[in-house]
1. How much of the DSSP beta bridge set in the chain is antiparallel, as a percent to the nearest 5?
2. Over the chain, what relative contact order in percent results from Cα pairs under 8 Å that are six or more residues apart?
3. Given Cβ point charges of +1 (Lys, Arg) and -1 (Asp, Glu) and nothing else, what value in debye, to the nearest 20, does the dipole of segment 70-155 about its Cα centre take?
4. I'd like to know which of 299, 311, 245 lies farthest towards the positive end of the charge dipole of segment 189-357, counting +1 on Cβ of Lys and Arg and -1 on Cβ of Asp and Glu.
5. Once Lys and Arg get +1 and Asp and Glu get -1 on their Cβ, which of 123, 68, 144 lies farthest toward the positive end of the dipole of segment 33-144?
6. What order do you get for 41-48, 148-155 when each peptide is scored by the mean count of other beta carbon atoms within 10 Å, highest first?
7. Tell me what the chain gives for mean residue ellipticity at 222 nm when only DSSP H runs of n ≥ 4 count, each as -39,500 (n - 2.57), the sum divided by the residue total, rounded to 500 deg cm²/dmol.
8. To check my understanding: the extent here is largest minus smallest coordinate of the Cα atoms along each principal axis. What are those three numbers for segment 237-320, in Å, largest first?
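Please treat every number below as a calculation from the coordinates, not as lab data. Predicted model only: the values in this text are computed from it and were never measured. FYI the Cβ positions are ideal-geometry reconstructions off the backbone, even for glycines, and counts take in every protein chain you see.
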Amino acid sequence: MNITIVGAGNIGTQIAVHCAFKGHDVIVFTSKHNLISKNLKIVNEKGKTIISGSINCATDDASAAFGNADLIFVTVPAFYMQKAAQTMLSFLKKGAKICLVPGSGGGEFAFKKAVDRGCVLLGLQRVPSVARLIEYGKTVCATGYREELFVASIPASCVKECADIISNIFDMKCSALPNYLNITLIPSNPILHTTRLKTIFCDYRPNKTYKELPLFYEGWTNESSELLLSCDSEVQNICKSLDMFDLSFVKSLKIHYESDNARQLTSKITSIKSFKGLKTPCIQTDDGFVPDLNSRYFTADFSFGLTILIQIAQFLNLPCPFMESTMNWYDKISLQKERFNFADYGIKNLNDFIKFYQQ
C-alpha cells in the first residue's frame, strides 16, 4: 500500500518503521521534513534495534503526501485534528483509509467530511506501545508492546478489513470493535493523565514554583488512584446509560489494571516497566519547576479528552462530579482557549449524538 504518516513524533516514527519494514511505500508528512532520515529504526530500552525500515520520503507537500495514499495514519495531538483534516481533504481519493492513533479526542468529527466523501475512518483504542524518540527523525525507543490492539471504523461495516490491515502491519492480534463509541469512551489518557496532573499540581497558581516534582507514573499516589477510579466509575455509568450500543469493550480500569482498589492500582501503575522514568510535564525555571501547560498532557487530554466525556454525561443528564471538578481545576490555570464542543459539529442533543455513532 501507499501509506502516509502524519506527524514524526514518538508514535508517528514508530508506525513509519513498522510500515516500511512490511514493504509498504511510506511517506512522512511533517513541517520538519528536512530532519527526517530515510532509514528509521526502533530500539528497545537497552538500545538494541528491534526493527528498521526505509521510507520513501518525508515532505510538507500535501498533494504528494495524500493524493495517492491508500492508508493514512494520523498521529498529531487531538487539538490539531481539525487542521490535519482540512489540509488533506481536497487530496483524498475515494476509499482511502484514515487511521487515528489513538482514536479518541474527537477526531471522528474532524474527519466527518472525509467520510462523507467516501473515505473510511478508523481508530485504535490505544497506541501499540509506549514510544519515546531517541533521536528525532532517526530512532525511537518502544517498550511494552500490547498483546492485542482494538480498532473501530466509520462506517462500521469496514471494521473487519481495517482490523486485518492493522494486524498485518504490527504483527499483532487486532480485534474489531462494534462501534466507534468503544474508542470515544475509553478510560485512558482523558482521565489517566488529567487526574494525575490535578493531584500533582492541585495547589498551583501563577508564579508558584516547585522545588522538585515526582515522576509521573513511578511517583503515582493513592490520592491519584482514588480520583482516577472515581472518574472511571463515572465513565462506566455513561456506558450503562448508552444501552442502545454494545460498549462491552470499554473496560473499567479496575479490569484493565487488574486492581480492585486505590492501593492496588497505585502498586500496579508504579510497577509497569514501560512507564519507568517518564517525567511529569514541567518547565525548569531559575526558581524551580512549573507545570508545562503547553504539554499535550494538558492541551489534548483536558480540552479534547475529558471535556468530551463530560459533555456526553450532560447529554444523558448524568452527574459526573469528579470529572467536572478535575476540569474546573484545569480551567483555573489553563492558557488554552480552544476546546472540543459537540455543538460545533451539529450535535446538540442526545438524539443527534446517537445518530452520529450509529454509522
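1. Working: 19 of 46 bridges.
So the antiparallel bridges amount to about 40 percent of the total.
2. On the way: 668 pairs, mean separation 50.6, N = 359.
Result for the chain is 14 percent.
3. On the way: 11 positive and 6 negative charges, 55 e Å.
The calculation lands at about 260 debye.
4. Of the candidates, 299 comes out farthest on the positive side.
5. Going by the charge dipole, the pick is 144.
6. On the way: 41-48: 13.2, 148-155: 21.1.
Top of the packing list down: 148-155, 41-48.
7. Values: 15 runs with 131 residues, N = 359.
Result for the chain, helices only: -10000 deg cm²/dmol.
8. Taking max minus min along each principal axis of the Cα atoms, segment 237-320 gives 54, 29, 19 Å.
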